[in-house]
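Colleague: This is the structure I have questions about; it appears just below.
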Amino acid sequence: MLIALGDRRVALNEEDKKQKGFTLIELLVVVIIIGILAAIAIPIFLSQREGAWKSSVESDVKNAVLAVETYATNHNGNPTGVDGTWTNPNNVPATTAAATDVKFTASNNNTIKITVKGGTGADKNDYTITGTNSDLGAGEGKTLTYESSKGTQTWG
């Protein structure tokens, strides 16, 4: 009987020693899975931010087009004199009196530039609006350009 109790105690001690935590392999598998998830999620998150900045520029350019067209409508179809660069909110260019009549506000970190061709030709009322966001940086595909003669906007 004494031997049987001793064997039982040894068996219980061995069971206690068997599993008290995670093995190194299990921990490595968890770390690898977290790394894979991060490798997938981080680029998606970054592209969402860039998409939001581009949408902000697109919205501001559309608002600038409306402002210039409204100004031109009120001045017999002539947008001459509305040239200027709009940056952060309420920064209206004071280069011309007409530019201050264009009611438009740029979003944070956006720069919107309006350039009217002017002159005396048939295209004197054509204008170009370019928009950028400082968070996008510089380079290919970071500037949105609207051309009134074509009625199109393109990233370039």
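The values are calculated or read from the model by the stated rules, or taken from the named source; none is laboratory data. The structure displayed is predicted, hence computed values, not measured ones. So basically every Cβ, Gly included, is an ideal-geometry build from the backbone, and we count neighbours across all protein chains shown.
Colleague: Please indicate, with yes or no, whether at least one residue in segment 58-77 is on the phi < 0 side of the Ramachandran plot, surrounded by 11 or more Cβ atoms within 10 Å (Cβ to Cβ), modelled with pLDDT under 90 and outside any helix (DSSP H, G or I).
Modeller: yes
Colleague: Let me ask something additional. Every residue in segment 98-156 that is β-branched (Val, Ile, Thr), in a strand (DSSP E or B) and surrounded by 14 or more Cβ atoms within 10 Å (Cβ to Cβ), please.
Modeller: Correct list: THR111, ILE112, ILE114, THR115, VAL116, THR128, ILE129, THR130, THR132, THR143, THR145.
Colleague: Next question, about the same structure. Tally time: how many residues in segment 102-133 are touching a residue at least 24 places away in the same chain (Cβ under 8 Å) and farther than 15 Å from VAL61 by Cα?
Modeller: The total comes to 4.
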